[in-house]
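The values are calculated or read from the model by the stated rules, or taken from the named source; none is laboratory data. Note that the structure is predicted; figures quoted are calculated from it, not measured. Note: ideal-geometry Cβ built from the backbone for every residue, glycine included; neighbour counts use all protein chains shown.
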DNA sequence: TTATTATATAATATTTTAGTTATATAACAA
DNA sequence: TTGTTATATAACTAAAATATTATATAATAA
């Protein structure tokens, strides 16, 4: 799951998320991406490399430009992993639900030693 | 969106994802969490703090123990953000679909200057 | 050819992260 | 009270990430 590391890490940076949000509107060049940020062009190039390595964007060559776009299956792995968590959460919720139902009202004091 | 930073960053570490996967099975203590890892207890405590700050887990006090569990709405913000991306991706896909349909077969050479 | 444009890469400084050991604290057991 | 258990915190180190400036490269324009 080495790649989940990269993908989540790539998503953890606000500049990179902003870049992705911009790319959600469609393909653009590096310069165009860099413009709204108070950051040098090399910094943006590095961010793009991180996004590319994470599998979040694709780049093609067009003359001297390198237009970027979202990778079609960008969030697939991440989605799968989060789905696991969500499933666990709803399972836990159901379990709690069952426990509460089984206990009925006002039968809360169980054998646990501590306070609650 | 400061918190998205924290949540994604927390998810970027394999140890922390393993901890979450373990918690998906149910609440446990710090020691129990630490056991499968080749890592000291303080290291695990720090990971737990990161997860807590990211809103991914909750902790309660039970005597000398601090049982952890998944936060019920752990992935909510993250899910929302990723949903935005997915939506954009499918929109882009539909758009491409439309373009291809409009072009019909074998009418690919458009006005763009470069090779393709 | 030479200049310009769009982008990448290298060297470097700064900050952040992740781990370690040592130590503190609070609850429990004896 | 004293020792033990479960966990947290501090001090520190090492490694990784982020940004900067300076420079390289490759395509286009003149």
What is the one condition in (1) at pLDDT 95 or above; (2) more than 8 Å from chain A (Cβ to nearest Cβ); (3) surrounded by 12 or more Cβ atoms within 10 Å (Cβ to Cβ) that residue B:42 does not satisfy? (3)
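If a residue must be under 13 Å from residue B:69 (Cα atoms), out of contact with any strand residue (DSSP E or B) (no Cβ under 8 Å at 6 or more places or on another chain) and assigned to a helix (DSSP H, G or I), how many such residues does the stretch B:20-48 contain? I'd like the intermediate steps shown before the answer.
Of the stretch B:20-48, the ones under 13 Å from residue B:69 (Cα atoms) are B:20-30, B:32-33, B:48.
Going one step further and asking which of them are out of contact with any strand residue (DSSP E or B) (no Cβ under 8 Å at 6 or more places or on another chain), we end up with B:21, B:25, B:32.
Remaining after also requiring assigned to a helix (DSSP H, G or I): B:21, B:32.
Final tally of qualifying residues: 2.
Filter the stretch A:29-39 down to residues that are under 25 Å from residue B:78 (Cα atoms) and within 11 Å of DNA strand C (Cβ to nearest atom) and give me whichever is surrounded by the fewest Cβ atoms within 10 Å (Cβ to Cβ). Spell out the reasoning first.
Restricting attention to the stretch A:29-39, the residues satisfying the condition of being under 25 Å from residue B:78 (Cα atoms) are A:33-34, A:36-37.
Add one more test, that the residue is within 11 Å of DNA strand C (Cβ to nearest atom), and what stays is A:33-34.
Working: A:33: 21, A:34: 18.
The extreme case among them is A:34.
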Out of A:74, A:54, A:91, sole residue that is modelled with pLDDT under 95 and under 13 Å from the mean Cα position of the chain (by Cα): A:74
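Look through the stretch A:60-70, keep the residues that are touching a strand residue (DSSP E or B) at 6+ places or on another chain (Cβ under 9 Å) and more than 6 Å from DNA strand C (Cβ to nearest atom), and return whichever of them is farthest from residue A:13 (Cα to Cα).
A:60
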How many residues does the stretch A:45-67 hold that are out of contact with any helix residue (DSSP H, G or I) (no Cβ under 7 Å at 6 or more places or on another chain), within 13 Å of another protein chain (Cβ to nearest Cβ) and surrounded by fewer than 16 Cβ atoms within 10 Å (Cβ to Cβ)? 6
How many residues, within the stretch A:11-26, are more than 8 Å from DNA strand D (Cβ to nearest atom) and either more than 9 Å from chain B (Cβ to nearest Cβ) or surrounded by 18 or more Cβ atoms within 10 Å (Cβ to Cβ) (or both)? 7
